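Below is one structure, written out as structure tokens; the observations come after it.
The values are calculated or read from the model by the stated rules, or taken from the named source; none is laboratory data. These numbers come from a predicted model, not from an experiment. Here the Cβ positions follow ideal geometry from the backbone for every residue, glycine too, while neighbour counts run over all protein chains shown. Side chains included, ligands, DNA and RNA excluded: accessible areas come from the protein's heavy atoms. Shrake-Rupley method; radii C 1.70, N 1.55, O 1.52, S 1.80 Å.
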Amino acid sequence: GALDRVRLSIRILRAIALNEAARPGKKLLIWIGPGWPMLGGPNLDMSAHDRKQVFAEIVDLSARLREARVSLYSVSQGQANYDSFLYEEYVKGVRRPEDASLADLSLKVLAVQTGGLVETPTNDLAASIDACVRGAGTFYRLAFVPPPADAPNEYHKLEVRIDRPNLRVRTSAGYYGQPLGGPAAP
């Protein structure tokens, strides 16, 4: 059941991104609820083939959300506990299929990867939603034309720095570059 819920959630998120890609402008997607199960860790045995499939899913979903200009936000009810922060181990970006884990496709990881926000679980959902909307209220759009990648699905970390300590910047964590001639199948 847990794997089926992950697949269904990813399929829905992809469908939203495909639909929103046709609409101009930045979009804020607030996912209310605990999200889908975070599958991963040392107890989950994945074959090389499975890891390649998960990596392909990461690359594809990353591109779809970026092209749709969607920032994903995670809001959930309850109290914070140890499990509330497990996602932080997976937000660095996946560079190679061998490093892919199903946990890299969890809601909170994807939220951070899109430049969105993960709100700590609370019993005041209205305040969490308001924080997401406020946090997305002021934004700049920076664009660049990346050079062709040397290999398909080459991960490039993105970082924006500012010289004002009282301001916080959130941006897409990275992108998967493609060689000249377009994207290749992962």
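Things worth noting here:
- Take the conditions (1) polar (S, T, N, Q); (2) assigned to a helix (DSSP H, G or I); (3) open to solvent by less than 30 Å² (accessible area, probe 1.4 Å); residue 53 misses just one of them, which is (3).
- Given (1) assigned to a helix (DSSP H, G or I); (2) at pLDDT below 95; (3) not basic (Lys, Arg), number of the condition residue 45 does not satisfy: (1)
- Any hit, the stretch 159-179, residues being among the hydrophobic types (A, V, I, L, M, F, W, C) and open to solvent by 90 Å² or more (accessible area, probe 1.4 Å): yes
- The set of residues in the stretch 92-112 being under 8 Å from the mean Cα position of the chain (by Cα) and surrounded by fewer than 19 Cβ atoms within 10 Å (Cβ to Cβ) is empty.
- Residue selected from the stretch 121-150 under the condition in a loop (DSSP other than H, G, I, E, B) and among the small types (Gly, Ala, Ser), by the criterion farthest from residue 29 (Cα to Cα): 149
- Residue within the stretch 67-88 that is within 21 Å of residue 32 (Cα to Cα), among the basic types (Lys, Arg) and surrounded by 16 or more Cβ atoms within 10 Å (Cβ to Cβ) present: yes
- Condition check for residue 7: part of a helix (DSSP H, G or I), farther than 16 Å from residue 114 by Cβ and without any contact (Cβ under 8 Å) to a residue 24 or more places away in the chain: yes
- Within the stretch 113-142, tally of residues that are over 19 Å from the mean Cα position of the chain (by Cα), of a type outside the set (D, E, K, R) and loosely packed, with under 14 Cβ neighbours inside 10 Å: 6
- The one condition from (1) open to solvent by 50 Å² or more (accessible area, probe 1.4 Å); (2) touching a residue at least 24 places away in the same chain (Cβ under 8 Å); (3) over 15 Å from the mean Cα position of the chain (by Cα); (4) under 27 Å from residue 129 (Cβ atoms) that residue 24 does not meet is (2).
- Of everything in the stretch 32-50 that is out of contact with any helix residue (DSSP H, G or I) (no Cβ under 6 Å at 6 or more places or on another chain) and aliphatic (A, V, I, L, M), the residue that is surrounded by the fewest Cβ atoms within 10 Å (Cβ to Cβ) is 48.
- Pair list, Cβ < 7 Å and 6+ apart or interchain, from the stretch 143-164 residues that are closer than 15 Å to residue 176 by Cβ to residues that are open to solvent by less than 60 Å² (accessible area, probe 1.4 Å) and aliphatic (A, V, I, L, M): 152/184; 153/59; 155/94; 157/173; 158/173
- Residue selection: residue 61 fails the criterion of being in contact (Cβ under 8 Å) with a residue 12 or more places away in the chain, surrounded by 17 or more Cβ atoms within 10 Å (Cβ to Cβ) and touching a strand residue (DSSP E or B) at 6+ places or on another chain (Cβ under 7 Å).
- Extreme residue, farthest from residue 119 (Cα to Cα), among residues of the stretch 10-32 that are basic (Lys, Arg) and not in a helix (DSSP H, G or I): 23
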